[in-house]
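Structure first, then comments.
The values are calculated or read from the model by the stated rules, or taken from the named source; none is laboratory data. Computed from a predicted structure; not experimentally measured. Reconstructed Cβ throughout: ideal geometry from the backbone, glycine too, with neighbour counts over all protein chains shown.
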Amino acid sequence: MKKFEESLKIEDNIFELKENCIIEYLVHYFAPCTGWNEHEMPAGTKFCLDGIMRDDAMYMHSIDNDSIDNDIDFYEILSEKEKRRNPKMSRRLGGFTFFITEKQIEELPIHFISGSKERSLEILKLYRQKIGITE
């Protein structure tokens, strides 16, 4: 499966938010649990697709955000948010993983810097076919 995912060149798909958008993320704790939340990311935030999460979503990571306020540290902002939300687990906070669903790829106001919306949707379709899920 790894070679198949590598052949899709998922990371060639880089996009920028054209306006502020709600982006979902997983919250990782140094414990046998992971949480989920969302955050309003500012216009100009750039993301690179980073791999298949599930049949309708891909992982992504924030990249080269020179076009927005350089003082923004997403890890710090999300850490503070999660510490307020779940103070008992705050010492076990390990990090965050952004993801985007197929529906969000279709509907969010995003501009592709490289790759395309169509290619991103095609990748999800090819992945579903590979794992045997038909539409």
* Asked: Using beta carbons and a limit of 9 Å, which pairs, at least six apart or on different chains, have the first residue in the range 38-52 and under 13 Å from residue 108 (Cβ atoms) and the second one surrounded by 17 or more Cβ atoms within 10 Å (Cβ to Cβ) and charged (D, E, K, R)?
  -> 43/16; 45/16; 47/16
* Structure fact -> For the range 1-41 the number of residues that are surrounded by fewer than 15 Cβ atoms within 10 Å (Cβ to Cβ), modelled with pLDDT under 95 and hydrophobic (A, V, I, L, M, F, W, C) is 6
* Just for the range 89-124: of the residues that are at pLDDT below 95 and surrounded by fewer than 14 Cβ atoms within 10 Å (Cβ to Cβ), which one is farthest from residue 29 (Cα to Cα)? -> 91
